[in-house]
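**Q** Just passing along the structure, written as structure tokens.
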Amino acid sequence: MKNNYILFKERNTQHRIKIESILFVRTNDHVTKMFAGKSIFNFNTPLQELLEDPNFKCLVQIHRCFAVNIHQVTAINRTEIFIEHIRLPIGRNFSETVHKAFLNTT
């Protein structure tokens, strides 16, 4: 199924990855890093643009620099989100939205 995958270009290589394999996305100085399984992909798409893309509806912004695949989240507290052994900060401005998304995920 085409909808289970996303296509994007990193340098001169076209990639196709399963959406459910995305763990989280981090942006830093115009470079976006997508962490999917044990792979890291770098590209120049701003985080806000990814969040607006319907193919990335599983992504929830948790901080100005981070968005997570809410289906991969294993635990959450007031200030951090956990994806297995990975700890990511929750920004104060995103806390309520993140907690609601986590509780609504089945």
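**Q** When you check ARG92 against the structure, is it basic (Lys, Arg) and either closer than 17 Å to ASN4 by Cα or surrounded by fewer than 16 Cβ atoms within 10 Å (Cβ to Cβ) (or both), yes or no?
**A** So ARG92 fits the description; yes.
**Q** Output the number of the condition that ILE86 fails; it satisfies all remaining conditions of (1) more than 12 Å from the chain's Cα centre (by Cα); (2) free of Cβ contacts under 8 Å to residues at least 60 places away in the same chain.
**A** Of (1) more than 12 Å from the chain's Cα centre (by Cα); (2) free of Cβ contacts under 8 Å to residues at least 60 places away in the same chain, only one is false for ILE86: (2).
**Q** Another question, if that's okay. How many residues are surrounded by 17 or more Cβ atoms within 10 Å (Cβ to Cβ) and in a helix (DSSP H, G or I) when one looks only at the range 1-20?
**A** So the count comes out to 1.
**Q** Let me ask another. Name the residues in the range 28-52 that are outside any helix (DSSP H, G or I), surrounded by fewer than 17 Cβ atoms within 10 Å (Cβ to Cβ) and of a type in the set (A, V, I, L, M), would you?
**A** Of everything in the range 28-52, those that are outside any helix (DSSP H, G or I), surrounded by fewer than 17 Cβ atoms within 10 Å (Cβ to Cβ) and of a type in the set (A, V, I, L, M) turn out to be VAL31, ILE40.
**Q** Looking at the range 1-18 only, could you name the residues that are without any contact (Cβ under 8 Å) to a residue 40 or more places away in the chain and in contact with a Phe, Trp or Tyr (Cβ under 8 Å, 6 or more places away or on another chain)? Steps first, please.
**A** At the first step, the residues of the range 1-18 found to be without any contact (Cβ under 8 Å) to a residue 40 or more places away in the chain are 1-2, 4-5, 7-18.
Of everything in the range 1-18, those that are without any contact (Cβ under 8 Å) to a residue 40 or more places away in the chain and in contact with a Phe, Trp or Tyr (Cβ under 8 Å, 6 or more places away or on another chain) turn out to be PHE8, LYS9, GLU10, GLN14, HIS15, ARG16, ILE17, LYS18.
**Q** Just to check your reading of the model, which residue among ASN55, ASN93 is more than 13 Å from the chain's Cα centre (by Cα) and not in a strand (DSSP E or B)?
**A** The conditions single out ASN93.
**Q** Shifting gears a bit: Here is a check on your reading of the model: is LYS100 without any contact (Cβ under 8 Å) to a residue 40 or more places away in the chain, surrounded by fewer than 17 Cβ atoms within 10 Å (Cβ to Cβ) and closer than 20 Å to ASN4 by Cα?
**A** Values: without any contact (Cβ under 8 Å) to a residue 40 or more places away in the chain: yes; surrounded by fewer than 17 Cβ atoms within 10 Å (Cβ to Cβ): yes; closer than 20 Å to ASN4 by Cα: no.
The answer is no for LYS100.
**Q** Name the residues in the range 58-75 that are part of a loop (DSSP other than H, G, I, E, B), within 21 Å of ASN28 (Cβ to Cβ) and not β-branched (Val, Ile, Thr), would you?
**A** Start the filter on the range 58-75 by keeping residues that are part of a loop (DSSP other than H, G, I, E, B), which leaves 58, 62-65, 73-74.
Still in the running and within 21 Å of ASN28 (Cβ to Cβ): 62-65.
Across the range 58-75, the qualifying residues are HIS63, ARG64, CYS65.
**Q** Being closer than 24 Å to ASN12 by Cα, at pLDDT 95 or above and either in contact with an Asp or Glu (Cβ under 8 Å, 6 or more places away or on another chain) or buried (at least 19 other Cβ atoms within 10 Å of the Cβ) (or both): is that true of VAL25 here?
**A** When the stated conditions are applied, VAL25 passes them.
**Q** How many residues does the range 71-85 hold that are within 9 Å of LEU23 (Cα to Cα) and surrounded by fewer than 19 Cβ atoms within 10 Å (Cβ to Cβ)?
**A** 2
**Q** Return yes when ARG78 is of a type outside the set (A, V, I, L, M) and in a strand (DSSP E or B) and no when it is not.
**A** So ARG78 fails the test.
The values are calculated or read from the model by the stated rules, or taken from the named source; none is laboratory data. Small disclaimer: the values here were computed from a predicted structure and weren't measured. With ideal geometry, Cβ positions are generated from the backbone for all residues, glycine too; neighbour counts draw on all protein chains shown.
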